[in-house]
1. So, in region 98-117, of the ones that are touching a residue at least 40 places away in the same chain (Cβ under 8 Å) and away from the ligand (no atom under 14 Å from the Cβ), which residue ends up nearest to Gly175 (Cα to Cα)?
2. Please work out which residue is farthest from Ala190 (Cα to Cα), limiting yourself to region 48-69 and to residues that are of a type in the set (A, V, I, L, M) and out of contact with any Ser or Thr (no Cβ under 7 Å at 6 or more places or on another chain).
3. Would you check if there is a residue in region 153-161 being assigned to a helix (DSSP H, G or I), more than 14 Å from the ligand (Cβ to nearest atom) and not aromatic (Phe, Trp, Tyr)?
4. Would region 238-253 turn up any residue that is within 30 Å of Pro161 (Cβ to Cβ), of a type in the set (Gly, Ala, Ser) and assigned to a helix (DSSP H, G or I)?
5. Does at least one position in region 79-88 carry a residue that is assigned to a strand (DSSP E or B) and either within 23 Å of Asp192 (Cβ to Cβ) or of a type in the set (D, E, K, R) (or both)?
6. Which numbered condition trips up Ala95, out of (1) of a type outside the set (D, E, K, R); (2) within 15 Å of the ligand (Cβ to nearest atom); (3) within 24 Å of Ile47 (Cβ to Cβ); (4) part of a helix (DSSP H, G or I)?
7. Do the conditions hold for Gly144, that is, is it without any contact (Cβ under 8 Å) to a residue 12 or more places away in the chain and either in a loop (DSSP other than H, G, I, E, B) or on the phi > 0 side of the Ramachandran plot (or both)?
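The values are calculated or read from the model by the stated rules, or taken from the named source; none is laboratory data. On a predicted model such as this, the values are computed, not experimentally measured, just so you know. With ideal geometry, Cβ positions are generated from the backbone for all residues, glycine too; neighbour counts draw on all protein chains shown.
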Amino acid sequence: MDRDIQSRKAPSEIVATMCGDTTICMPARPFPPAYPHGSLRELFPGIYFVTGSAVMPGPIPMRFSRNMTVVKQGDALTLIGSLRLDDAGLAALDALGKVEHVVRLAGFHGMDDPFYKDRYGAKVWVVKGHVYAAGFDAPKTPRGQGYFEPDVEMDATTELPIEGASLISFECTAGEALLRLDRDGGILVAGDSLQNWGTVDRYFNLPASLVMRLMGFIKPHNVGPGWLRGAKPEIARVKAILDLDFEHVLPVHGEAVLGGAKEKYRPAILGLS
Ligand SMILES: [Fe+2]
């Protein structure tokens, strides 16, 4: 199925962007492939979470994990932090409903958004100012010159495709936001800002596990170290996370934090300077 769709419709040159806090600059190519991933797990009624991987090519390729959150509302599915699934994964996704929306919260993610746009005709929502560009080039790439154009730019006033959802933007380089779902005590869906890699998981290869541990990524309830360096958010905006009501965090990196999330992240957030 993927091959058919790609050969029929894939753009001849899509510069793949980066997943992760480290840079990647792939050569022009069609949609990135589906990398190894697990199964969709229902964490809350109608909220699904799947862990997969991204590969950073180079002389020593690094592979590490990332997550996609799927919110089902009626028959409509919204993908947050899109992660291309393999054929079996897409079949499981299709069994849940119809993919209608893709939401990009992290300026250093988004490489699979064009795939879902192409396959489902999904509407793609991004944080205002987001540009689809390779690696860390997003902040330097003029709007309109990215490799892909979204449908909607979001800010705090935007009516979002999920009932009870609100956007909390960090207004930082490359663009980054949290999506808060007003249910179950408050659920924050995060991009690179709030991470929870308490340990390396099965999607890490050895180089990534060594390098990312040294770089400070492998800590539970962590503020993304690469994001802090690359996106340079105002620390006051990050600390304002603690003013939000939330019990759970669904991060793009690491395990879901189910219950007591604000208190678990408090030390890392208050420790920022
Ligand atoms: Fe990331």
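1. Per the stated criteria, the residue is Val103.
2. Filtering region 48-69 down to residues of a type in the set (A, V, I, L, M) leaves 50, 54-56, 60, 62, 68.
So of that shortlist, the ones also out of contact with any Ser or Thr (no Cβ under 7 Å at 6 or more places or on another chain) come out as 54-55, 60, 62.
Working: Ala54: 17, Val55: 20, Ile60: 28, Met62: 22 Å.
Step by step, filter region 48-69, then rank; the result is Ile60.
3. no
4. Within region 238-253, the first condition is being within 30 Å of Pro161 (Cβ to Cβ), and the residues that meet it are 238-253.
Those left that are additionally of a type in the set (Gly, Ala, Ser): 240.
Of the ones still in play, those that are also assigned to a helix (DSSP H, G or I) are 240.
Within region 238-253 (the criterion being within 30 Å of Pro161 (Cβ to Cβ), of a type in the set (Gly, Ala, Ser) and assigned to a helix (DSSP H, G or I)), the answer is yes, since at least one residue qualifies.
5. The initial filter retains those residues of region 79-88 that are assigned to a strand (DSSP E or B), namely 79-80.
From the residues that got through so far, the ones that are either within 23 Å of Asp192 (Cβ to Cβ) or of a type in the set (D, E, K, R) (or both) too are 79-80.
For region 79-88, residues assigned to a strand (DSSP E or B) and either within 23 Å of Asp192 (Cβ to Cβ) or of a type in the set (D, E, K, R) (or both): present.
6. (2)
7. yes
Matching residues to (1) among the polar types (S, T, N, Q); (2) surrounded by 15 or more Cβ atoms within 10 Å (Cβ to Cβ); (3) modelled with pLDDT of 95 or more:
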{"site": "Gly144", "(1), (2), (3)": "no, no, no"}
{"site": "Tyr147", "(1), (2), (3)": "no, yes, no"}
{"site": "Thr158", "(1), (2), (3)": "yes, yes, yes"}
{"site": "Ser169", "(1), (2), (3)": "yes, yes, yes"}
{"site": "Asp182", "(1), (2), (3)": "no, no, yes"}
{"site": "Leu214", "(1), (2), (3)": "no, no, yes"}
